There are 2 protein chains.
Amino acid sequence: MTRFIGVESLATIVHAIGIEPFLIGLAGYIEQDFRRWAEFHKVPRHASHSDLGVVELMPISDADRFAFKYVNGHPGNARAGLLTVAAFGVLADMDTGYPRLVAEMTLLTALRTAATSALVASRLARPDSRVMAMIGLGAQSDFQALAFRALLGIDRLQVYDIDPASTAKFVRNMTAQGFAVEAFDSAQEAVMSADIITTATADKRNATILSGNMVGAGIHINAIGGDCPGKTELQREILLRASVFVELEEQTRIEGELQQMPADFPVTEVWRVLAGLEPGRTSAAQVTLFDSVGFALEDFSALRYLDALTADDANIAEIDLIAQPDDPVDLFGLLQRYRPTAQPSLVAVSA
Amino acid sequence: MTRFIGVESLATIVHAIGIEPFLIGLAGYIEQDFRRWAEFHKVPRHASHSDLGVVELMPISDADRFAFKYVNGHPGNARAGLLTVAAFGVLADMDTGYPRLVAEMTLLTALRTAATSALVASRLARPDSRVMAMIGLGAQSDFQALAFRALLGIDRLQVYDIDPASTAKFVRNMTAQGFAVEAFDSAQEAVMSADIITTATADKRNATILSGNMVGAGIHINAIGGDCPGKTELQREILLRASVFVELEEQTRIEGELQQMPADFPVTEVWRVLAGLEPGRTSAAQVTLFDSVGFALEDFSALRYLDALTADDANIAEIDLIAQPDDPVDLFGLLQRYRPTAQPSLVAVSA
């Protein structure tokens, strides 16, 4: 049988552990996997496009496990009350090819993106960072705030979104979670005197959410909104001043803020920092930038974490995804196992 | 919610319709999709190899639907009582990117392979065919026999397998299904005076299951065992004498009996025959060969058929694979929906 971890099941697991402890544990798995970067078979995602959106399969494997995430991107979905990005995934054994678990990954992706951001910031932001500015308060923003508090102790937020409803949602949610949240009327005001700036806007174009004059010395920028071709958030001038860190260089050059830069613009892959091969921040005045687009390795880590959390949990549902014939050569016999039994015949009994 | 069709559910559906009517319906869907060949976005499969086997993702889409099959190949699994090939799949909407159903595909692949074989044979075998020889009596063979009876009326089988246990399994199963089954001590004897020969052996090497002297004029050969690089069943001389039909030419040249032939050896894609663009059999003496390796389109058709069969079936299980937030921007609110309610506090009441 294969474990199935749906939306309710995942949410229940997260609450049983606590959201922030869950994020800390998840960050640990992501760090462990980034540190053994060379052990992974990394391939480009497969994409099927239509007029309305894209469906992608993102596979990755090491010697022990195979994982893939299915994820869509349909901007028009919101009008129908559907998610513009929804996802699910599978973790399987390389030794047998059998799936271990099928999981929802819409919530899980939000959690792993936030855990990755905070993990990387823990190596790049100034250790005395206290205030985070957040530009873009959509579905991902709440998870970012919680991960930065869990991993870096950040509990003061200065926020801005062009949409008042998103701002109200964020202030309501995060105030209830004990954050000191101050909402501003512009991005310019929100970033004033912040130590960390997180940009997570949804606009699918080359926008300037953050311009050079808004970024002072010593800032760490966590840029997660520029994540596909034709979508960027930062003025080019910022990249010229910053030390730029990425997940998978070849992917970020196509999908990230790096789209704006020449192909030889220097970057550092974050796994090298996490593995201790390169320094992170080297001075208090340095501007650091995590140009994050999301990578299949983080999904692999998230599924591996979920696998460890649920391996001995009798409350997890199981589904009969894979046939279990008594004799592997007799698949027809397996089908016949489910043949309906004959109706009991009615026997007329004479009185 | 997403429909989940597990092993038991699929088997129940098949029995409710009847195995042979199910195969006829499935063949109809496969034919319909082959006839609109140009409408599909066809891509190579993604493969992740380990020392023990391979895990593959096979995606395909048209303007309306996206489908993929996950399938493994682990020859050593049988020793552990596991399937060497197991599969599951997903059918999704291109308009929204949302999955419609998740289905077991181990049984379903056996059914679609058999339906495809019989569909193609219905255009290539002599109309007066009465007797089928079958070499290789593994997991696929029973389904082949049932599909050939359902679509071509074949009910006389002359069979052979090197493994007596597989032979006994097949004779037991198919005799109970009303076939006249005669088992022989060699492939040479089994093919004598047969109208159709199906080869479906599991040997993963370049074998000679069928040699030229065993193939008389007018025979149709349904070769489904030579289906991956380094695995073939037919003597090269047979291909030189036969008119060869394939699913996707570029795939069959790598995986099928065609591995033995030069790159310009002439073949006909079966969709052209099914669409009426090319003749099938043109004379009673012609030797026809379907060099079948299996193609993602057949999985797409099988999932589309299953989708149609279960769309209004209240007995089909549903799983919460995709999050349904009240507000798409408030994914955190969705997580909080599942927050455990506070324990009722115990109130000490004075007596």
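Worth a mention:
- For the range B:220-292, the strands (runs of 3 or more DSSP E) that sit wholly inside it and include 3 or more residues that are at pLDDT below 95 are B:232-234.
- Filter result for A:Leu157 (touching a Phe, Trp or Tyr at 6+ places or on another chain (Cβ under 7 Å) and assigned to a strand (DSSP E or B)): yes
- Which listed residue, of A:Leu23, A:Leu10, is touching a strand residue (DSSP E or B) at 6+ places or on another chain (Cβ under 6 Å), assigned to a helix (DSSP H, G or I) and open to solvent by less than 10 Å² (accessible area, probe 1.4 Å): A:Leu10
- Qualifying positions in the range B:203-217 - closer than 16 Å to B:Gly138 by Cα and either surrounded by 21 or more Cβ atoms within 10 Å (Cβ to Cβ) or touching a strand residue (DSSP E or B) at 6+ places or on another chain (Cβ under 7 Å) (or both): B:Lys204, B:Ile209
- Residues satisfying the stated conditions in the range B:85-118, i.e. polar (S, T, N, Q), in contact (Cβ under 8 Å) with a residue 60 or more places away in the chain and within 7 Å of chain A (Cβ to nearest Cβ): B:Thr106
- Within the range B:98-130, being of a type in the set (D, E, K, R), surrounded by fewer than 23 Cβ atoms within 10 Å (Cβ to Cβ) and closer than 28 Å to A:Glu56 by Cα holds for one residue alone: B:Arg100.
- Residues that are in contact (Cβ under 8 Å) with a residue 40 or more places away in the chain and open to solvent by 40 Å² or more (accessible area, probe 1.4 Å) were ranked within the range A:316-337; the one that is farthest from the other protein chains (Cβ to nearest Cβ) is A:Glu318.
- Only residues that are touching a helix residue (DSSP H, G or I) at 6+ places or on another chain (Cβ under 9 Å) and either open to solvent by less than 20 Å² (accessible area, probe 1.4 Å) or hydroxyl-bearing (Ser, Thr, Tyr) (or both) were counted across the range B:75-92, and they come to 8.
- Condition met for A:Ala284 (surrounded by fewer than 22 Cβ atoms within 10 Å (Cβ to Cβ) and over 28 Å from B:Leu83 (Cβ atoms)): yes
- Applying the condition of being buried (at least 19 other Cβ atoms within 10 Å of the Cβ), touching an Asp or Glu at 6+ places or on another chain (Cβ under 8 Å) and farther than 15 Å from B:Ser61 by Cα to the range A:44-61 and asking which residue is farthest from the other protein chains (Cβ to nearest Cβ) yields A:Met58.
- Filter result for A:Asp195 (open to solvent by 10 Å² or more (accessible area, probe 1.4 Å), more than 10 Å from every other protein chain (Cβ to nearest Cβ) and either without any contact (Cβ under 8 Å) to a residue 40 or more places away in the chain or not aliphatic (A, V, I, L, M) (or both)): yes
- Any hit, the range B:27-37, residues being hydroxyl-bearing (Ser, Thr, Tyr) and touching a Pro at 6+ places or on another chain (Cβ under 8 Å): no
- Scanning the range A:161-180 for residues that are more than 18 Å from B:Leu335 (Cβ to Cβ) and buried (at least 21 other Cβ atoms within 10 Å of the Cβ) yields one hit, A:Asp161.
The values are calculated or read from the model by the stated rules, or taken from the named source; none is laboratory data. Quantities reported herein were computed from a predicted structural model and do not represent experimental measurements. Glycine gets a Cβ as well: all are built from the backbone with ideal geometry, and neighbour counts include every protein chain shown. Areas reflect the complete protein model, heavy atoms only, side chains present, ligands, DNA and RNA absent. Shrake-Rupley method; radii C 1.70, N 1.55, O 1.52, S 1.80 Å.
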